[in-house]
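Chemist: Just dropping this structure here.
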Amino acid sequence: MAAPLTLLLVVAVTIRAVLFRSSLAELIPERVEVVSPLNAWKRVVEGLALLDLGVSPYAGDVFHETPLIIYFFHFVIDYAEIVFMMADALTAVALYLAVKDYNKTVFRKQKYALEAERYPLDCLELIRTPKEMYYIPLKVAMFYLLNPFTILSCVAKSTCGLNNAVIALFILCTVKGSSLMSAIFLALATYQSIYPLTLFAPALLYLLQRLYIPVNWQRSSFWLFTTQYAFMYLGSLCVMVCLSFFLLSSWDFLSSVYGFILSVPDLTPNIGLFWYFFAEMFEHFRLFFICVFQINVFFYTIPLSIKLKEHPVFLIFMQIAIISIFKSYPTVGDIALYMAFLPAWNHLYRFLRNIFLVSVVLLACSALFPVLWHLWIYAGSANSNFYYAITLLFNVAQILLVSDYFYAYLRREHHLTHGLYLKRKDGSEATLVLK
């Protein structure tokens, strides 16, 4: 499998290198679907210019990245294109290795269940075969590297690509069972954008499962490991925040980065749900609705963790998708990360209900974004309502996609327990309804 992966990496890097040398390299970074006030490259450049002049990059209202990012690019600014291409390659390789290891775990559990005759005889057709699972890691890497959203994000030099690399490394370390490295990369992801905090629960559930520690509030082993992992995570996060303070000798970055993410002061149009709503919002209602909108990202963590506590990797996929949809400044690069996992759930296709409709809507919206932007900003024949309407439809399609996969996953698990062909007490065929 190393040769196909290497070929894929070469093709992906070549595409990006060609686009970096084309006229599109100047157009793409201006697209509001690809960059946001948080991760736009031109803002990083302005922050570096301020830093070189001896002025705090957070003195104005331009730069909103973290201190570690700006000091990182302070040393590699001349090799920025290579850095972003390497970040995409690193993300793809990390996802490839993580899914490969996860598939081994799934196959091993499936084998033990078959030997113990836990599956009903009529659902054996749902069992995954090694041949079926062999190419899934390569497909995941391909879905990430060759996704137009990922390519656009890389060519725009959006720092979203670096965030995706950190989250991919976190997933890899979690699946490999490395508690310390998992906590460090999760802390780094949280340090970058707050929202990955919600990935703490699925990571903890997976590591507990790997160590055969039951999720039982009365077991001391459960509390001991939870405390250890939380200490490693919070300790790593504190080290990063303190290091940022020592680099800048100021706490200004807290309000400029995290305050900016949570309070959403910049209402530049994007593919998210915040900008239009708060542009029309009366000021005295703003704080209440900011809390309502922001809580969406965190609210679903507990119920999903309870429902999917036996399936933490799928829970990670769900949480990344929720973050991508409900964060305050989303870009297409965020969407590309969770879409890369779709081949890992190819065994759910037979249970998906709206996949064709959702796929068509996502493709249509992706094509209409630049069209409606041009009609609004340049032609003047449309207004912000047109652009927000297509944004709203795009997010609704994403929600339908994620909920459809959630339904399909639960339905397959139900069939593996109760059989594929359900019967009522009177012997007639039953219909499974998700409530």
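The values are calculated or read from the model by the stated rules, or taken from the named source; none is laboratory data. Since we're looking at a predicted model, the values are computed, not measured. We place every Cβ from the backbone using ideal geometry, glycine too, and count neighbours over all the protein chains shown. Note: areas computed on protein heavy atoms with side chains; ligands, DNA, RNA excluded. Shrake-Rupley method; radii C 1.70, N 1.55, O 1.52, S 1.80 Å.
Chemist: Could you tell me whether any residue of the range 57-68 is within 30 Å of Phe274 (Cβ to Cβ) and β-branched (Val, Ile, Thr)?
Modeler: Taking every residue of the range 57-68 in turn, at least one turns out to be within 30 Å of Phe274 (Cβ to Cβ) and β-branched (Val, Ile, Thr).
Chemist: Quick one: which of Thr226, Thr268 is more than 27 Å from Pro312 (Cα to Cα) and β-branched (Val, Ile, Thr)?
Modeler: When all the criteria are applied, what remains is Thr268.
Chemist: Regarding the range 345-358, can at least one residue be identified that is outside any helix (DSSP H, G or I) and either of a type in the set (A, V, I, L, M) or under 30 Å from Trp41 (Cβ atoms) (or both)?
Modeler: Within the range 345-358 (the criterion being outside any helix (DSSP H, G or I) and either of a type in the set (A, V, I, L, M) or under 30 Å from Trp41 (Cβ atoms) (or both)), the answer is yes, since at least one residue qualifies.
Chemist: Which of the residues that make up the range 136-174 are in a helix (DSSP H, G or I), within 22 Å of Leu363 (Cβ to Cβ) and open to solvent by 10 Å² or more (accessible area, probe 1.4 Å)?
Modeler: Lys139, Met142, Phe143, Pro148, Phe149, Ile151, Leu152
Chemist: If you don't mind, there's one more thing I want to ask. Can you confirm whether Ile316 is within 19 Å of the chain's Cα centre (by Cα) and modelled with pLDDT of 95 or more?
Modeler: In short, yes.
Chemist: Residues that are farther than 30 Å from Thr391 by Cβ, open to solvent by 40 Å² or more (accessible area, probe 1.4 Å) and touching a residue at least 40 places away in the same chain (Cβ under 8 Å): which helices (runs of 4 or more DSSP H) entirely in the range 1-74 hold 1 or more of them?
Modeler: 2-20
Chemist: Still on this structure, I have one more. Name the residue, out of Ala113, Ala80, that is open to solvent by less than 10 Å² (accessible area, probe 1.4 Å) and within 29 Å of Ser255 (Cα to Cα).
Modeler: Matching residue, one of Ala113, Ala80: Ala80.
Conditions tested, residue by residue: (1) under 27 Å from Val215 (Cα atoms); (2) not polar (S, T, N, Q).
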{"residue": "Phe317", "(1), (2)": "yes, yes"}
{"residue": "Ile323", "(1), (2)": "yes, yes"}
{"residue": "Leu357", "(1), (2)": "no, yes"}
{"residue": "Ser384", "(1), (2)": "no, no"}
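Chemist: Further, regarding this structure: Taking the stated definitions as given, is Leu372 over 26 Å from Ala141 (Cβ atoms), at pLDDT below 95 and open to solvent by less than 30 Å² (accessible area, probe 1.4 Å)?
Modeler: Yes, satisfied.
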